[in-house]
Every structure is written in C-alpha cells, then in structure tokens.
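Student: I have a structure here, written as structure tokens, and I will follow up with some questions on it.
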Amino acid sequence: MIFRTIIALLLVSAYPAAGQDPATLRDSLAGITERGRLLAAYDQAAWHATDAVMMQAPASEEIRGYIAIRRNRAWTVLFGRVSNDGESFLVAYEANENSNEQNGFSVRRHAPAKLEKGDIAARARALDLARADFGVPTRPYNAAILPAGNGEWFVYLVPAQTRPDVFPLGGDVRYRVSADGRRILIKRRLHNSILEYAEPASSDKGKPVARFHTAVLDEIPEDTDVFHVLVRRPRVPEYVLTDKYVYRIDISGQIGGAGSPKDVLGPDGQLRIR
C-alpha cells in the first residue's frame, strides 16, 4: 500500500549513529523510546492536573510553573514558584493522580505555601534556568523535566498545541542540567523547523495510515519524535528518514528499522508501507 504525503525537511542537530555497533544502537533506540514515553506521560499528567487545579481558581501570583513527578506508577504535579533566594520551591497546590476524581487528580492547596528543598528545588531551578536560556518564544511552549542519570536532569522545551486538532512537531530543545539545577551542561536542539500536523476532518477521504519526516543532520530519531507519535491524533506510526536508514516509530513508541530509503520510498517519493 502506498501512502501519499509530503516529505517534511526538519533540520535536526547532529547525533550520528554511524560507527555504532548494533548492541549500542539498540540501547540508544531503547533509551529514546523510554524517554519519549515518559515525556508523553508527563504531558498527560500535567494537562489533567492543570485542569483540576484551575477549578480551584488559584491566584496568578501563587503559580509560576509546575513540576510533574512519577512515584510508584502514579503522578504528582506540584504547582508553585521558586523562592526569591532560589533555594526552595514554594508549593501552592499539589495534584495527586486519583482515578476517582473528574480530571483524574485530587488537589490539595497549601496555605501558606509548602516549602520544598533538595530534589524538588533542584528541578524547579533547572526548569527556570532552561527557560531563561531559551528566551521568550513567539508561541506557547511546554516544559518537562526528567532524570538524566548521575543525579542530573533533562529539561525539554516543546511547542504546545494552540488548537486541539493540530499537533506541532519540531522547534524543540533538550537541556542537560547539573544535579543542583544551577548549570547547563549540554544544550541540544532537537529540531529547528516546526511542522503542524492537522487531524483529518471526519469527512476527509483516505485516512492517514502513517506519516514521515526527514532528519537532515541526524541518523537516529529524537525523544520528541516518540512523544509526538504518542500524543498525536489519529495515532499512526511515524517514519524517520535519515541519509542511510529509515526508522519506524510504532504507535506504542517502539522504534524499529524499516530499511534503507530506497527500500521504503518509491521513485515518485511515495512512502511504501508493507
């Protein structure tokens, strides 16, 4: 079956897989899948927790950001701000995953604000540090923070949806930040261009069965490619084309090989799905 689509050229930062042995490449792809799945879960938790907290009509000065943390397979999302001295995170609202609640989260207000130091404060500082470095975007962005190993943090800045039926891919950055949240160790631009994937109207003929984009400067997919597949609707696989290889990201987030570009693309630039 042939699925017609436009090859979207995304300028991706270099992270060549060339020269990697198969075992190392498998480990790399497994790590990308894991982080992408966590990002999607983080996004869903933050979304529903925010809806639950907004029902409490919080004052604007109480909340300047949020931190989602997964504990024992359930999410806790803390809403508040970094203290003036940067040593604490002042939690105004705490949302805990609870399937019995309307939005899936039960909310507790802390008045006065609950003072969190240590790990929580480090995450909050890392988020603020990355946002300050990124600058003021021309469109809404979401931020997420995940453990990066060695006590360090990955901070992601990803363009937010501005319409419920349009899903942006690209224009995203990942920072690696020190354990105390005070130093940027690595700044990695994941994609430059932003593509908007619109959900097909119900009257459209020929529903998409897959989509694909070309990674111009990279040889493996990015964490946010997996994230995009998991949050996009309709959920369909994504093919990521590099110079030498084509990867298929399944709707579960699993990454597999699909062959070389000449095997996957026909002479007319159409994607051949087998």
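Nothing in this text is a laboratory measurement; each read-out follows from the coordinates by a stated rule. This is a predicted model, so every value here is computed, not measured. Cβ coordinates were reconstructed from backbone atoms using ideal geometry, including for glycine residues, and neighbour counts include every protein chain displayed.
Student: Sum up the charges of everything whose Cβ sits under 12 Å from the Cβ of Leu146, counting Lys and Arg as +1 and Asp and Glu as -1, but leave Leu146 out. Could the numbers behind the result be given before it?
Tutor: Values: positive: Arg35, Arg37, Arg70, Arg123, Arg174, Arg176; negative: Glu34, Asp43, Glu152, Asp223.
Within the 12 Å Cβ shell, the charges total +2.
Student: So, one more: Starting from 0.36 nm per residue, how many nanometres of slack lie between Arg73 and Ala41 once their C-alpha separation is accounted for?
Tutor: Details: separation 32, 0.36 × 32 = 11.52 nm, distance 1.07 nm.
Net length gain for the segment: 10.5 nm.
Student: Using r as the Cβ-Cβ distance of Ala132 and Asn192, and R0 as 25 Å, what FRET efficiency do you calculate, to the nearest 0.05?
Tutor: Values: r = 21 Å, r/R0 = 0.83.
Calculated value: 0.75.
Student: Tell me, what ³J(HN,Hα) does each residue in the range 49-66 have, in order and in whole Hz, if you take phi through Karplus 6.51 cos²θ - 1.76 cosθ + 1.60 with θ = phi - 60° and put x for Gly and Pro?
Tutor: With coefficients 6.51, -1.76 and 1.60, one gets 5, 4, 4, 5, 5, 4, 5, 8, 6, x, 6, 4, 6, 6, 10, 10, x, 9 Hz.
Student: By the scheme Lys and Arg +1, Asp and Glu -1, what is the net charge of all other residues having a beta-carbon under 10 Å from that of Ile184? Provide the component values of the computation, followed by the final result.
Tutor: Numbers: positive: Arg176, Arg182, Arg183, Lys187; negative: Asp133.
For residues surrounding Ile184, the net value is +3.
Student: Just the number: Rg to Rh for the range 27-86, Cα atoms, Kirkwood Rh, two decimals.
Tutor: Working: Rg = 14.4 Å, Rh = 13.2 Å.
With Rg and the Kirkwood Rh in hand, the quotient comes to 1.09.
Student: Moving on. Give me the percent relative contact order of the range 61-173, please, defined on Cα pairs under 8 angstrom at least 6 residues apart. Each step should come with its number before you reach the end.
Tutor: Numbers: 182 pairs, mean separation 18.6, N = 113.
Dividing the mean separation by the residue count of the range 61-173 yields 16 percent.
Student: What list of ³J(HN,Hα) values in whole Hz, one per residue of the range 86-95 in order, does the Karplus curve 6.51 cos²θ - 1.76 cosθ + 1.60 (θ = phi - 60°) give from phi, with Gly and Pro shown as x?
Tutor: Coupling constants for the range 86-95: x, 9, 9, 10, 8, 7, 8, 9, 10, 10 Hz.
Student: Rank-order 108-117, 84-93, 220-229, 37-46 by packing density, defined as the average count of other C-beta atoms within 10 Å over each peptide's residues, highest first.
Tutor: Details: 108-117: 14.0, 84-93: 18.0, 220-229: 26.1, 37-46: 19.9.
Most protected by this proxy first, the peptides run 220-229, 37-46, 84-93, 108-117.
Student: Could you calculate the contour length gain from Asp51 to Arg26, that is, 0.36 nm times the residue separation minus the distance between their Cα atoms, to one decimal place in nm?
Tutor: Contour length minus Cα-Cα distance gives 5.2 nm.
Student: Check Ser193: other-chain or 5+ apart residues with amide H under 5 Å from its amide H, H built from backbone geometry?
Tutor: Leu11, Gly171
Student: Between Glu87 and Asp250, what length in nm is gained on full extension when 0.36 nm per residue of separation is reduced by their alpha carbon distance? All intermediate terms of the calculation are to be shown ahead of the outcome.
Tutor: Numbers: separation 163, 0.36 × 163 = 58.68 nm, distance 4.19 nm.
Gain on stretching Glu87 to Asp250: 54.5 nm.
Student: From the alpha carbon gyration tensor of the range 78-151, can you work out the equivalent ellipsoid semi-axes (sqrt of 5 times each eigenvalue) and give them in Å, largest to smallest? Walk me through the intermediate numbers first.
Tutor: Numbers: eigenvalues 105, 60, 39 Å².
After scaling each eigenvalue by five and taking roots: 23, 17, 14 Å.
Student: Something else about it: With no solvent and one point per C-alpha, what does the Debye sum give as log10 I(q)/I(0) for the range 62-193 at q = 0.09, 0.16, 0.18, 0.22 Å⁻¹?
Tutor: After summing over all Cα pairs, the log10 values are -0.28, -0.89, -1.09, -1.35.
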